[in-house]
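The values are calculated or read from the model by the stated rules, or taken from the named source; none is laboratory data. On a predicted model such as this, the values are computed, not experimentally measured, just so you know. Every residue, glycine among them, receives a Cβ derived from its backbone with ideal geometry; neighbour counts consider all protein chains shown.
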Amino acid sequence: MKVIQTNAAPAAIGPYSQAMVTGNLVYTSGQISLDPGSGEVVGAEIKAQAEQVIKNLKAVLETAGSSLANVVKTTCFLADMNDFAAFNEVYAKHFPGKPARSAVAVKQLPRSVLLEIEAIGEITK
């Protein structure tokens with residue numbers, strides 16, 4: 001197994017890595033809408049947060065030799081299912097390949113963000 005770490009995404013805020021690679025798959029930890037430079041939450045509404053989350057996820061995947069286009073599965077955690085439609089608008093722009101997905105509502109997320117996404121991607125490089 002190989003640990004993945006990039007400064008282009010926020011550092012882990014706990015005892016875990018940004019992602020792990022085993023075989024030809026990368027398993028990312030959940031990404032939230034933190035700016036990698038400042039560590040501050042980006043955006044107050046779901047669309048802005050979703051854009052940042054996906055940007056962070058993309059950076060981790062690319063560091064591992066994968067990409068958003070090579071994601072086979074995502075798990076999406078939403079603080080409020082009333083944000084589901086707006087979240088889907090952003091998600092669909094970045095995942096046109098329509099990977100398998102679970103989306104669930106949770107009581108609370110780290111830093112009180114509105115969204116967290118984790119992914120499994122195929123490594124192609």
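Here residue 32 fulfils each of the conditions (1) touching a helix residue (DSSP H, G or I) at 6+ places or on another chain (Cβ under 9 Å); (2) free of Cβ contacts under 8 Å to residues at least 60 places away in the same chain apart from (2). For segment 1-29, taking the residues that are crowded, with 18+ Cβ neighbours inside 10 Å and under 13 Å from the mean Cα position of the chain (by Cα), the one that is nearest to residue 109 (Cα to Cα) is identified as 29.
With respect to the conditions (1) closer than 27 Å to residue 15 by Cα; (2) touching a residue at least 60 places away in the same chain (Cβ under 8 Å); (3) assigned to a loop (DSSP other than H, G, I, E, B), residue 125 falls short on a single one, namely (1). All of 64, 79 fail the test of being among the hydrophobic types (A, V, I, L, M, F, W, C), more than 14 Å from residue 33 (Cβ to Cβ) and modelled with pLDDT of 95 or more, apart from 64. Checking segment 94-107 against the condition returns a match, with at least one residue being over 11 Å from the mean Cα position of the chain (by Cα), farther than 19 Å from residue 11 by Cβ and of a type in the set (S, T, N, Q). Of all residues in segment 44-77, those satisfying the criterion of being more than 23 Å from residue 20 (Cα to Cα) and touching a Leu at 6+ places or on another chain (Cβ under 6 Å) are 46, 49.
For beta carbons closer than 6 Å, sequence separation of 6+ or different chains, a first residue in segment 85-105 that is more than 17 Å from residue 52 (Cβ to Cβ) and a second that is part of a helix (DSSP H, G or I) and modelled with pLDDT of 95 or more, the qualifying pairs are 97/69; 105/81.
Scanning segment 42-61 for residues that are assigned to a loop (DSSP other than H, G, I, E, B), among the polar types (S, T, N, Q) and within 14 Å of the chain's Cα centre (by Cα) turns up nothing. Number of residues in segment 42-95 that are aliphatic (A, V, I, L, M), touching a strand residue (DSSP E or B) at 6+ places or on another chain (Cβ under 6 Å) and either surrounded by fewer than 15 Cβ atoms within 10 Å (Cβ to Cβ) or over 18 Å from residue 28 (Cα atoms) (or both): the value is 2.
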